[in-house]
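A.B. asks: Before I ask anything, here is the structure I am working with.
Derivation of every value follows stated rules applied to the coordinates shown; laboratory data play no part. If you're wondering where the values come from, they're calculated on a predicted model, not measured in any experiment. We place every Cβ from the backbone using ideal geometry, glycine too, and count neighbours over all the protein chains shown.
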Amino acid sequence: MNHPYERLVPDVILDAVADVGLIPDGHLLALNSYENRVLQIGIQDASPLVAKFYRPDRWSDGAILEEHQFSAELAAAEIPLVAPWRDAHGQSLFRHAGFRFALFERRGGRAPEPGDLDQLEWIGRFIGRIHLAGQAEPFVHRPNLDTGMGWQAREAVLQSPLLPGHEHDSYSSTTSALLDAIDQALAQAAATPIRLHGDCHHGNILWTEQGPHFVDLDDCRNGPAVQDLWMLLHGERSERTLQLSALLEGYRMFHDFNPGELALIEPLRGLRMVYYSGWLARRWSDPAFPAAFPWAASAHYWSQHLHDLRHQLEVLREPPLRAF
């Protein structure tokens with residue numbers, strides 16, 4: 001079966017950029033992305049731009065435009081975030097040859113140092129400002145962060161040939177128990193959902209001498225504030241406690257934080273674990289995935305994944321992380 005991205009050849013990419021009134025110089029550099037196709041494109045007599053060709057049928061136009069609008073709001077608030085380029089008519093979402101795409105200014109930088117408390121406090125300040133803007137109104141076209149995405153991912157795995165037959169029943173029962181526990185934790189926390197970055201980890205933050213700037217709002221959605229904090233925590237519990245304290249010290253300068261949401265850190269980690277395996281299963285027909293993740297077709301991966309899910313179910317019974 002042919003995949004739609006097989007049609008995204010260099011001539012199509014260059015013609016797409018030319019269609020919006022820019023003059024590409026022919027230089028293309030593929031950047032690291034699997035969900036979409038992202039490339040750096042040279043522009044004649046100007047700095048290169050980054051083009052993101054959205055995966056067909058993943059988001060509605062309304063959902064993509066909400067991503068762009070949120071980016072524009074944050075940029076207008078002087079939050080360091082790479083917002084989509086707009087043409088003279090204010091348009092940011094373009095179409096060519098059946099693909100939807102957006103263009104972005106190229107920004108350099110490196111990932112923050114995991115565990116660096118000074119950097120985490122700095123990042124926390126900006127996340128607090130993102131959430132201050134995010135609380136103004138909810139997304140309408142983008143989904144909520146809830147167990148629905150986990151149940152859908154679970155079903156994708158159960159229907160996938162990647163899951164070994166002898167692991168089917170164990171996977172089914174383990175993920176069912178885990179998602180039920182996550183659902184209960186979300187209900188008990190009763191967190192007020194706000195617009196989030198949604199995928200705020202070190203790989204989506206670029207650090208320069210001027211500090212951090214945020215990239216890739218492709219997974220932005222409504223959800224609890226702690227979703228944009230927990231993925232920045234690493235190491236043993238004592239280390240994560242220090243890191244969380246630094247993050248919240250910066251965060252609380254601009255936005256209140258409900259400490260009850262700390263009980264959602266491990267449930268949200270469990271939800272991400274289930275979602276990730278479902279993502280691999282759903283995307284396996286894309287040739288880029290077997291090439292990049294060959295281990296996902298191995299029995300060892302699924303055995304280890306099941307072990308990790310069972311362990312996460314046990315972790316959910318432990319006291320939540322607390323900040324100083």
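A.B. asks: Return the long-range amide H neighbours of Leu145 (sequence gap of 5 or more, or a different chain), with a cut-off of under 5 Å between placed amide H atoms.
C.D. replies: It is Asn222, Gly223, by chain and number.
A.B. asks: If each residue's Cβ is checked for other Cβ atoms within 10 Å, how do Arg106, Arg95, Arg272 rank with the fewest at the top?
C.D. replies: With the sparsest Cβ surroundings first, the list reads Arg95, Arg106, Arg272.
A.B. asks: Could you give the longest part of the chain that holds none of the GluC sites (Glu not before Pro) found in DSSP loops with at most 14 neighbouring Cβ atoms within 10 Å?
C.D. replies: 79-208
A.B. asks: Test of understanding: ordering Asp183, Asp218 by Cβ neighbours within 10 Å, fewest first, what list do you get?
C.D. replies: Ascending number of Cβ neighbours within 10 Å: Asp183, Asp218.
A.B. asks: Continuing with this model, one more query. For the range 115-128, take each phi angle, set θ = phi - 60°, evaluate the Karplus expression 6.51 cos²θ - 1.76 cosθ + 1.60, and give the result in whole Hz per residue in order, putting x for glycine and proline.
C.D. replies: Listing the rounded values in order: x, 6, 5, 5, 5, 5, 5, 4, 4, x, 4, 6, 5, x Hz.
A.B. asks: Related question: Of the listed values (i) 25, 24, 21; (ii) 32, 20, 19; (iii) 33, 27, 17, grab the one calculated as semi-axes √(5λ) of the Cα gyration tensor in Å from the structure here.
C.D. replies: (iii)
A.B. asks: Just want the answer: with Cβ charges of +1 for Lys and Arg and -1 for Asp and Glu, which residue in Leu120, Ala136, Leu65 is farthest toward the dipole's positive end in the range 29-137?
C.D. replies: It is Leu65.
A.B. asks: Using a cut-off of 13 Å between beta-carbons, work out the net charge of the residues near His168 (Lys and Arg +1, Asp and Glu -1, His168 not included).
C.D. replies: Details: positive: Arg154; negative: Glu155, Glu167, Asp169.
Once positives and negatives cancel, what remains is -2.
A.B. asks: Output ³J(HN,Hα) for the range 53-66: one whole-Hz value per residue in order, computed from phi by the Karplus curve 6.51 cos²θ - 1.76 cosθ + 1.60 with θ = phi - 60°, and x for Gly and Pro.
C.D. replies: 9, 5, 4, x, 6, 7, 10, 6, 4, x, 5, 5, 5, 5
A.B. asks: Same structure again: What ³J(HN,Hα) values, in whole Hz, does the Karplus curve 6.51 cos²θ - 1.76 cosθ + 1.60 give for the range 232-243 when θ = phi - 60°, with x put for Gly and Pro?
C.D. replies: 8, 9, 9, x, 6, 4, 5, 5, 5, 4, 4, 5
A.B. asks: Okay, moving on. Neighbour counts of other C-beta atoms within 10 Å: give me Ile79, Ile130, Ile43, Ile194 arranged from fewest to most.
C.D. replies: Fewest to most other Cβ atoms nearby, the residues stand as Ile43, Ile79, Ile194, Ile130.
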